[in-house]
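J.: If you scroll down you'll find the structure; I have some questions about it.
Just so it is clear, none of the values below were taken in a lab; they were calculated from the coordinates. All values reported here derive from a predicted model rather than from experimental measurement. We place every Cβ from the backbone using ideal geometry, glycine too, and count neighbours over all the protein chains shown.
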Amino acid sequence: MSSEGGGKARNRRGLSGWLNPYHYNFERWAYVFQRVTGIAILAYVIGHLGDTSFFVGGPIGTGPSQSSWTFISGIVENSFGHLILVLVVLVVIFHGTNGLRLIASEMGLILGRPASIEYPYKPRSLRLGQRALIWAAIILAVVGAAWAAMILFGGLA
Amino acid sequence: MKDLKLVVQRFDPVKDASPKMVEYAVPKREGMTVLDALLYARDYVDHSIGLRFSCRQASCGSCGMKINGRPRLACYTQVEELGGEKVVAQPMDNFAIIKDLVTDLGSFFDKHKAVTPRLVREDGEEQERPTGEYLMTPGELSKVLQFTYCIKCGLCTSSCPTVATDERYPGPQALTQAYRYSADARDQGGAERIAALDNSHGVWRCHFAGSCSYVCPKGVDPALGIQLLKRHVMTGKPPHAKDEASKVWKAPESGR
C-alpha cells in the first residue's frame, strides 16, 4: 500500500474498483458489462477496419484480389471466427440497448421524481423502470446472438 | 450464544509495511451492531484498534467503513443481518487510511465545499439583515427534500467506481448537493454551479452504476440527483431562472 504523505496510506481502488461489481447492485453489473463491451467493440472495430483496409488496398493490404479475399475470409470462415462473430452480435446489442437506457436515465426520463422517503429506504433510481430495460438489453442480446449462431453454425440464411 | 468472529483490518501507515487482518472473539447479544462489536473488542481485547464514531444512531456519519465487502455505517448494521457468524471490518475504499478503520475525509469535504453547497442569493443585504422569510411550496420542497438528508458519511464515494479511478471527479455526494441547491426554489446560483460541473472530470464522469444509491444509509439516492443534474447541464439551464427564485415574504401586521 503506497503512502499518501502525512502518515496516511493511499486506498483508492483503481481499476479493480470499476471492474469488480461483487457485493453491489444489478446496475453496477450492467455498468461493468457496458464498459467491458465498449472496449470489446472498439477492439472489433479496429480489427474490422484492418481487414477491410487489407482488402481494399489500404496501407497494410495488397488491394482487391481473389487471394486477399481468400486470406481475409479464411480468418472468419471457421468455427472460432463464427464464435467471435456471435459474441460481437451479443455485445453490440447489449451495449446499444443498455446505452439507450443510460441516455434515457441521463435525461431523467425513467428514474421517477424526488419525493418524501420512508424507512426502509428503496432508492427510486434503482427501481423497476430502468431495471427492466437492463433485462430487455440482456434478453435482446441473447436472442440476437442465438439468431446469429443459427445462421453461422446451422446454415440458416 | 456462540461468539462472533470479528475480523478487523489493522494498519498503521506510520509503523506497518502492509495491512493485516486480526480476528477477535466477541460475545454476541441480541440487537448487537457492528459498532457495538468493535467497541467491545477495543474496550476489552485490544485498546489500540483505531475507529471513529460519535452518535451511534446513523445521524453523524462518522462510523462509515467497509463491512463484509460493502460500505456501511457500523452503528446502523446489525450483526444478525450479516449472518451473525463473521463480520469483516475494513476502512472505506477510495479514502486514504489514517489508522485501521479511520480514513481521511479531507478531500471529500473539499469537494463538497467546491460545489457551493449553500443558497446563493443576489439580495446580500437581506441575507445579512433578514426582514422576512423565503417561502417554499410543498411541491418545491419535495424536489430537494430527500437530498437534504445527506449526513456526509462518505459511503457513496467509497462505493463509486468512478472515484476509484479519477481523483478529480467530485463524487456522488458533491454532485448530489450541487443539484440539491440548484433545484432549491430559494437559490439563484444554479447557472454558475452547473456550468462549473460541465467538464470531462465533472458530472459526465458518472455512468450510473447506482452503487451510491445502493449503499446510502439515509435514502438520499445520489444517482437520481446526479442524473437530474445532467439534464440541466445538457440544456445549460438551471432548474429555475434567477428571477423565479423565492421572494422575501413578510408576515402581515397583526394589528396589535
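J.: Quick one: which residues, 5+ away or cross-chain, put their amide H under 5 Å from the amide H of B:R70? H built at 1.01 Å from N.
T.: none
J.: Which of rounded, prolate, oblate describes segment B:33-157, given a ≥ b ≥ c as roots of the alpha-carbon gyration tensor eigenvalues and a/c under 1.5 marking rounded, otherwise prolate only if a/b is larger than b/c?
T.: Prolate.
J.: Continuing with this model, one more query. Per DSSP H run of n ≥ 4, the term is -39500 (n - 2.57); total these for chain B, divide by its residue number, and report the mean residue ellipticity at 222 nm rounded to 500 deg cm²/dmol.
T.: The helix-only estimate for chain B comes to -7000 deg cm²/dmol at 222 nm.
J.: With angles folded into 0 to 90 degrees, how steeply does helix A:66-76 sit against the dominant principal axis of chain A? Use alpha carbons for both and round to 10.
T.: On a 0 to 90 degree scale, this one is about 30.
J.: Let me ask something else. Any chance you could run the full-extension gain for A:Q66 through A:W135? It's 0.36 nm times the residue separation minus the Cα-Cα distance, nm to one decimal.
T.: 20.4 nm
J.: Here is a follow-up. Can you tell me, using C-alpha contacts under 8 Å and at least 6 residues apart, the relative contact order of chain A as a whole percent?
T.: Relative contact order comes out at 21 percent.
J.: So, one more: Taking H placed 1.01 Å from N in the peptide plane, check which residues at least 5 places from B:V7 or on another chain put their amide H under 5 Å from its amide H.
T.: B:Y24, B:V87, B:V88, B:A89
J.: Would you mind checking B:K2/B:K218; A:K122/B:K230; B:K86/B:K111 for any pair whose Cα atoms are more than 29 angstrom apart?
T.: Violating the 29 Å Cα-Cα cut-off are B:K2/B:K218; B:K86/B:K111.
J.: Hey, another quick one. Over chain B, what is the mean sequence separation of C-alpha contacts under 8 Å (at least six apart), divided by residue count, expressed as relative contact order in percent?
T.: Once divided by the residue count of chain B, the mean separation gives 18 percent.
J.: With r defined as the distance between the Cβ atoms of B:A191 and A:S16 and R0 fixed at 51 Å, what FRET efficiency is calculated, to the nearest 0.05?
T.: The pair B:A191/A:S16 has a calculated efficiency of 0.85.
J.: Separate question: For segment B:4-103, calculate the relative contact order in percent as a whole number, restricting contacts to Cα pairs under 8 Å that are 6 or more residues apart.
T.: In percent, rounded to a whole number, it is 34.
J.: Ranking B:R205, B:R118, A:R101 by Cβ neighbours within 10 Å, fewest first, what do you get?
T.: Ascending Cβ contact count within 10 Å gives the list B:R118, B:R205, A:R101.
J.: Shape of the protein assembly as shown from its Cα gyration tensor (a ≥ b ≥ c, root eigenvalues): rounded if a/c is under 1.5, otherwise prolate when a/b > b/c, or oblate?
T.: oblate
J.: Something else now. How large is ³J(HN,Hα) for each residue in segment B:20-26, as worked out from phi by the Karplus curve 6.51 cos²θ - 1.76 cosθ + 1.60 (θ = phi - 60°), to whole Hz, x for Gly and Pro?
T.: Result, ordered by residue: 9, 9, 10, 9, 10, 9, 10 Hz.
J.: Give the cysteines in chain B for which no other Cys Cβ lies under 4.7 Å away, or write none if there are none.
T.: Result for chain B is B:C63, B:C75, B:C150, B:C153, B:C160, B:C206, B:C216, no neighbouring Cys Cβ within the cutoff.
J.: Give me the one-decimal nm value for the distance between modelled label points at A:Y119 and B:Y149, 7 Å along each residue's Cα-to-Cβ direction.
T.: 1.0 nm
J.: Does anything in segment B:85-113 have its amide N under 20 Å from the 7 Å Cα→Cβ label point of B:A25, and if so which residues?
T.: Only B:85-89 fall inside the zone, counting backbone N under 20 Å.
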